[in-house]
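Each value in this text was obtained by applying a stated rule to the coordinates, not by laboratory testing. Just so we're clear, the structure is a prediction, and the values are computed from it rather than from any experiment. Cβ: placed from backbone, ideal geometry, glycine included. Neighbour counts: every protein chain shown.
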Number of protein chains: 2
Amino acid sequence: VSVTFPEGFRAAGVTAGLKPSGRPDLGLLAAEGPASVAGLFTTNAFPAAPVRLSRDRIRRAGGIARAVVVNSGQANAATGEPGDADALTTTVEAARLLDVDPAEVLACSTGVIGERIPMDTLAASLPELVGTLSSDGGEAFAEAIMTTDTVPKQATAVAGPYRVGGCAKGVGMIAPNLATMLAFLTTDAHLEPSALSELAHRVARPAFESLTVDACTSTNDTVLLFAGGAAAGDPIAPGSRAWAGLEVAFAEVAVALVEQLAADAEGGSHVVVVEVEGAVDGADARRVAKAVADSPLVKTAAFGGDPNPGRILQAVGSSGATFDPADVSIAIGGVRVVDGGVIPQDYVAGELRGLAQAEMKEPRFVVSVTIGAGPGRGRAIGCDLSYDYVRINAEYTT
Amino acid sequence: VSVTFPEGFRAAGVTAGLKPSGRPDLGLLAAEGPASVAGLFTTNAFPAAPVRLSRDRIRRAGGIARAVVVNSGQANAATGEPGDADALTTTVEAARLLDVDPAEVLACSTGVIGERIPMDTLAASLPELVGTLSSDGGEAFAEAIMTTDTVPKQATAVAGPYRVGGCAKGVGMIAPNLATMLAFLTTDAHLEPSALSELAHRVARPAFESLTVDACTSTNDTVLLFAGGAAAGDPIAPGSRAWAGLEVAFAEVAVALVEQLAADAEGGSHVVVVEVEGAVDGADARRVAKAVADSPLVKTAAFGGDPNPGRILQAVGSSGATFDPADVSIAIGGVRVVDGGVIPQDYVAGELRGLAQAEMKEPRFVVSVTIGAGPGRGRAIGCDLSYDYVRINAEYTT
């Protein structure tokens, strides 16, 4: 059900023929009335045409939108002004069929960078797409936005009288030539645009930014949050009790989607969660967590099932974070492999090594790093680097 | 000949038995008298014991040294105070045999992080090591410092009456669990320590920092420059004509070693040189070059022989450098694959793609990135990401 779990949203997904695979490739999510919307977009200096269009429309409309059209197959990035025209045409045509103002229709694309969307093909399927909108279309929508994903990613949560739903796609921060991580979160709670934007930055941003498959920031990454307000009640004020419940529910959905994305990462056979504590602040903790999760040597060691504490230490040491090496301890699944900046000689002798190896056989394991006694905590969710990652990314040709 | 190409240096390499492979593992480079010395050391927050010892001694002795002892097999990093004692003992024992002040003997180690050097084994071979010092021992020294390197890396250059020689080891910024890139450069020119230090930072640092195999900074990286002064003449002043010649010669040797290191990179089948111009300054240009050379998606595309301009664009766009996307052009071996921030439609159609693919079949190819009209230029030298990189780093166990 995902994005249609909350009241007041309809969705659909169809096969327009944009992808050679013949799988669903065109999706639509629509609110019953004007909904509050908040967006998180890629920081890449080459944002795709739909990213620029959606970012501008959210700003100009003051955080109100009615629908978003998503195509998979072509990223519509690095396509110049013709690409801008394609994104615009897509939303104008969808708005006409939905009978709403084009200024309230957003767009997302995911697929090959540099390729134009076959607009005739897309336009021919829009009537069917709008015609099949339904309040249980969440799954069809989640399937239509997939590229090389092997499973759709969906999650739901409840906060008192309110529902939160979400779906996402992406097998890398950038997938093989197919740019993008896309995520859509909905709620039937009544939230003003500014309140929704605060939720986006407080809850959704840290959750999605903790994910790293290959340290590559795509040109199309987008997270959109919609609050339709179908549930009864006044607007929920930041800081209120209802707000606190919604924060938890949004975090639950966002983290569940992030875990599903990590589990389906390209060529990944293990999810590696890096938890850091004791840093001077949260930013430093996240810097260390990302440095460990992104290190190719840590990632290949995770693939090989070799604890290799020297490599984790190397990554912590080159992260640029502030700490005293003598305060650094590292554990793998609870097995201490670095103590006070030193690899214990009973690790080298082999006893601890066997225990840590056993932990690494799990499909998901945690690397815990303590770098001092400060209040800063942070985490990163990544995966191993396997032969399959190389195969998928080396053999892929448009 | 490498480091013994200049007059006034002797070197040796022996098999002490520190490495299970039974290959040479202990080297010594010695100047005939007190030599000016300059060092570049890892910025990792966990510097190995020999790194800390050598850095301190160069500072305390005012840039004067007589010799450096290098072992391969154990990195002597993350070994705590016992590791500090091992590095100290090594230099004290070598100094006694050389009959020089221990304060003028430096140490380097390369090998497994966390393992102690078997000191009895090392000490037993020191007399043979000192006894075999010779003015044509450069090659034996270059072989003794290798870990998983498949070939020794050596280079020489001449600047008028002066000679410059060098050798290096390293198959990654960090090799498989075997920390380190080590490089040694020598000259018979007469250079004060301050002048040699200036050469180190002006010439050697940018050359070695342009190298990236896996974006991992080891705990043991060290570049040492020695100026013995065996050639006649007064100290050479920075800015003089002789200085300019030496700059070129040092750069020639450093770049030649860097190219040899890149060519022998772990699992690498292609050297990828990224040249950036038009940046606001050199730092921004180097940021872009490193971002492209380090991107796992660019590296797997290089392995697969797929030009994939969208991935290069993605890396440029997430580098954090300052530029206007509309000013960005990218070429592979001279074939333009991005023009004004856009992938040309005749690339997508396949004509340019075939030409760029042909360029990528070369064992070494250049990716040229122009990001504006600024004066900043920079380069990075990297390699592709292959099945072999994953195999070497996943299967390696201490």
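Points worth noting:
- Backbone N under 15 Å from the B:Glu395 label point (7 Å along Cα→Cβ), restricted to region B:1-39: none
- Region A:361-398 and region A:1-66: distance between their alpha carbon centers, rounded to Å: 29 Å
- For A:Ile64, distant residues with modelled amide H under 5 Å away: A:Val37
- Cleavage-rule hits, chymotrypsin sites (Phe, Trp or Tyr not before Pro), region A:269-364, DSSP coil, Cβ neighbours within 10 Å at most 16: none
- For the pair region A:123-149 and region A:241-317, the centres of their Cα atoms are 32 angstrom apart.
- Inter-copy label distances for A:Gly354: 6.1 nm (label point placed 7 Å from Cα along Cα→Cβ; shortest first).
- Chain B, relative contact order [Cα under 8 Å, separation at least 6], %: 18 percent
- With respect to chain B, whose longest principal axis is taken over its alpha-carbon atoms, helix B:351-360 is tilted by about 10°.
- Amide H within-cut-off set for A:Ile236, under 5 Å, with H built and near neighbours excluded: A:His190, A:Leu191, A:Glu192
- Of all DSSP beta bridges in chain B, antiparallel share, percent nearest 5: 70 percent
- Of all DSSP beta bridges in region A:1-110, antiparallel share, percent nearest 5: 70 percent
- Cα gyration tensor shape for chain A, rounded if a/c is under 1.5, else prolate or oblate: prolate
- Beta bridges by DSSP in the protein assembly as shown, antiparallel share as percent, to the nearest 5: 70 percent
- Taken residue by residue and averaged, Cβ atoms of other chains lying within 10 Å of the Cβ of A:298-308 number 5.
- Relative contact order [Cα under 8 Å, 6+ residues apart], region A:277-398, whole percent: 41 percent
- Neighbouring Cβ atoms from other chains, within 10 Å of the Cβ of residues in A:211-221, number 4 on average.
- At 7 Å out from Cα toward Cβ: B:Pro118 inter-copy label distances (nm, ascending): 6.7
- For chain A, the longest principal axis of the alpha carbon atoms and the long axis of helix A:80-98 meet at an angle near 60°.
- Most fluctuating residue given options A:Asn76, A:Asn44, A:Asn220, as computed from a GNM of chain A linking Cα atoms under 10 Å: A:Asn44
- Taking only the alpha carbons of the protein assembly as shown, we obtain Rg and Dmax values of 28.8, 92 Å in that order.
- GNM top mover of A:Leu88, A:Leu97, A:Leu191 - chain A, alpha-carbon springs below 10 Å: A:Leu97
- Counting only residues at least eight positions apart within a chain, or on another chain, the lysines with an alpha carbon under 29 Å from that of B:Lys290 are A:Lys169, A:Lys290, A:Lys299, B:Lys153, B:Lys169, B:Lys299, B:Lys361.
- Each label was represented as a point 7 Å from its Cα along the Cα-to-Cβ direction; for B:Thr322 and B:Ala124 these points are 6.2 nm apart.
- Förster-model FRET efficiency, 60 Å R0, B:Glu351 and B:Thr15, C-beta, rounded to 0.05: 0.60
- Converting phi to 3J(HN,Hα) with the Karplus coefficients 6.51, -1.76 and 1.60 and the offset θ = phi - 60°, region B:142-149 yields 4, 6, 5, 8, 6, 10, 9, 4 Hz in sequence order, with x at every glycine or proline.
- Note on chain B: with a GNM built from Cα contacts shorter than 10 Å, the maximum mean-square fluctuation among B:Phe141, B:Phe41, B:Phe250 falls on B:Phe41.
- With its label point put 7 Å out from Cα toward Cβ, A:Asp281 sits 2.3 nm from the same residue's point in the other copies, in order from shortest.
- Spin-label model, A:Ala103 to A:Ser269: label points 7 Å out along the Cα-to-beta-carbon direction sit 5.5 nm apart.
- Principal-axis analysis of the Cα atoms of chain B puts helix B:49-60 at an angle of about 70° to the longest axis.
- Sequence-separation-based contact order of region A:252-330, relative, with Cα cut under 8 Å and 6+ spacing, percent: 27 percent
- Shape category assigned to region A:1-141 from the gyration tensor of Cα positions, a/c cut at 1.5: oblate
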